[in-house]
Amino acid sequence: MKNLYWKRVLIKLSGEALMGNEDFGISPEMLNSVSNEIKDVVNLGTELCLVIGGGNIYRGITGVSKGMDRTTGDNMGMLATVMNSLALQNSLEKLGIPTRVQSALPISAVCEPYIRRKAYRHLEKNRVVIFAAGTGNPYFTTDTAAALRASEMNCDVLIKSTLVDGIYSADPRTNKEAKRYDTLTYMDVLSKDLKVIDASAVSLARENNIPIIISSIFENGNLLKICKSNEGIYTIVN
């Protein structure tokens, strides 16, 4: 671990990234690809924890737009993150990576409840800890849950691995003139209202001096480069 740039890392994975080329759900090929990327990071000696979104299965805010009660929709979204977490745990353990899933909602039949001291001990024993069910509360995104857990676990950095390779001045999928930022301050992200990460997550990371890195889940080897030497393709917010 002495040669690692980032020693304790929280990776926030986009639920949509697990779809691969599917319209919804979990792509086995994409799940395997993500797991191998994580395995490479773990084999460096990185102490690693994960938060996964649930947008590939259900997004609470989408249900709200169609008339569902917000609390009910968000609870369903949190359960979707538990499903993703269990799928990733299974995939990682097939690769020989010891993991624990801790849920903010008590579901003792399939995973541990979230207990900070226990999670901390898992990390010290080189187990990957997957935090499921967001914060356990409606109205908070999994981005905010990631910033919260990164703060509680004293992580060196929060890496959001998503569908784009950084933060752009506009949506690069619709605007070819959009420019990718290499670095931004927390206040830049908040004042420009850049939507790649939730404002509450940015504020929490700012309060606890945790850098945020935005990178693409589809860039093979990128996570490894970031964790080992702080190289690769990304935008850093600090």
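Observations on the model:
- Residues whose amide H comes within less than 5 Å of that of K12, counting only those at least five positions distant or on another chain, are V51, I159, K160, S161 (H built at 1.01 Å from N in the peptide plane).
- Spatial separation of Cα centroids for the stretch 7-73 and the stretch 115-162, in angstrom: 13 Å
- Across the stretch 9-15, coupling constants 3J(HN,Hα) worked out from phi with the 6.51/-1.76/1.60 Karplus curve, θ = phi - 60°, read 10, 10, 9, 9, 9, 6, x Hz, and Gly and Pro carry x.
- Between D40 and K66, the FRET efficiency from the beta-carbon distance, with R0 = 45 Å, is close to 0.65.
- Residues with amide H under 5 Å from that of I210, placed H, sequence gap 5 or more: none
- Fully extending the segment from R117 to K94 would add 5.6 nm, taking 0.36 nm per residue of separation and subtracting the current Cα-Cα distance.
- When you restrict to C-alpha pairs under 8 Å that are six or more residues apart and normalise by the size of the stretch 1-118, the relative contact order lands at 23 percent.
- Here the Karplus relation 6.51 cos²θ - 1.76 cosθ + 1.60, evaluated at θ = phi - 60°, turns the backbone of the stretch 107-116 into coupling constants of 9, 5, 6, 10, 7, 6, x, 6, 10, 4 Hz, with x for every Gly and Pro.
- Cross-link partners for K66 among the aspartates and glutamates, with Cα-Cα distance under 19 Å and sequence neighbours closer than 8 places in the same chain left out: D74.
- Peptides 143-151, 169-177, 188-196 ranked from most to least packed give 143-151, 188-196, 169-177, packing being the mean of other C-beta atoms within 10 angstrom over each peptide's residues.
- Cα gyration tensor category, rounded, prolate or oblate, for the chain with a/c compared to 1.5: rounded
- Cross-link pairs exceeding 32 Å between alpha carbons, from the set K12/K94; K118/K179; K118/K228; K195/K228; K125/K195; K12/K118: K118/K179; K125/K195.
Bear in mind that the values in this text are calculations on the coordinates, not laboratory data. The model shown is predicted, which means the values in this text are computed figures rather than measured ones. Don't worry about glycine lacking a Cβ; one is built from the backbone with ideal geometry, like all the others, and counts go over all protein chains shown.
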